[in-house]
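The structure appears right after this line, and notes come after that.
The values are calculated or read from the model by the stated rules, or taken from the named source; none is laboratory data. Treat the numbers as computed from the prediction; the structure is a model and nothing was measured. When we count neighbours, we look across all protein chains shown, and the Cβ atoms used for this are built from the backbone with ideal geometry, even at glycine.
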Amino acid sequence: MAGYLIANIDVKDPAKFEEYRQKVVPVIKKFGGRYLVRGGDLRHLEGNLPLNRLVVLEFPTAEAAQQFYDSAEYQPILKLRLDSTRSDVVLAQGYSG
């Protein structure tokens, strides 16, 4: 069952965040991940959840998503994001219906 990393990102340092964006893609791919949503326009339909830049990554399993997040390859890249943004990130297990 797929696993999804979902992030709401408020960019504070665009230059450092751009460095993050360039470096993270190969690591995501290494763990079988792919972008489903990467920024773009948001249209609020209900409620007032404060979304900024929404990112949704799909991995083959929730375990693969967790392995990506915890990996030695991602840790220095994660620091770039933490230093350049305010982020909320969750890991959600997909639905098998």
Pairs, first more than 16 Å from A64 (Cβ to Cβ) in region 25-53, second among the polar types (S, T, N, Q) and at pLDDT 95 or above, C-beta under 8 Å, six or more apart: P50/N8; L51/N8; N52/N8; R53/N8
Which residue out of L57, L36 is modelled with pLDDT of 95 or more and in contact with a helix residue (DSSP H, G or I) (Cβ under 7 Å, 6 or more places away or on another chain)? L57
So which residues in region 71-83 are among the basic types (K, R), out of contact with any Ser or Thr (no Cβ under 9 Å at 6 or more places or on another chain) and surrounded by 15 or more Cβ atoms within 10 Å (Cβ to Cβ)? none
R86 fails exactly one of (1) exposed (fewer than 15 other Cβ atoms within 10 Å of the Cβ); (2) touching a helix residue (DSSP H, G or I) at 6+ places or on another chain (Cβ under 8 Å); (3) assigned to a strand (DSSP E or B); (4) not aliphatic (A, V, I, L, M), namely (2)
In region 41-83, residues that are among the aliphatic types (A, V, I, L, M) and part of a helix (DSSP H, G or I) total 7
Being more than 19 Å from Q22 (Cβ to Cβ), among the aromatic types (F, W, Y), surrounded by 10 or more Cβ atoms within 10 Å (Cβ to Cβ) and touching a residue at least 12 places away in the same chain (Cβ under 8 Å) is true for just one of F68, F59. Which residue is that? F59
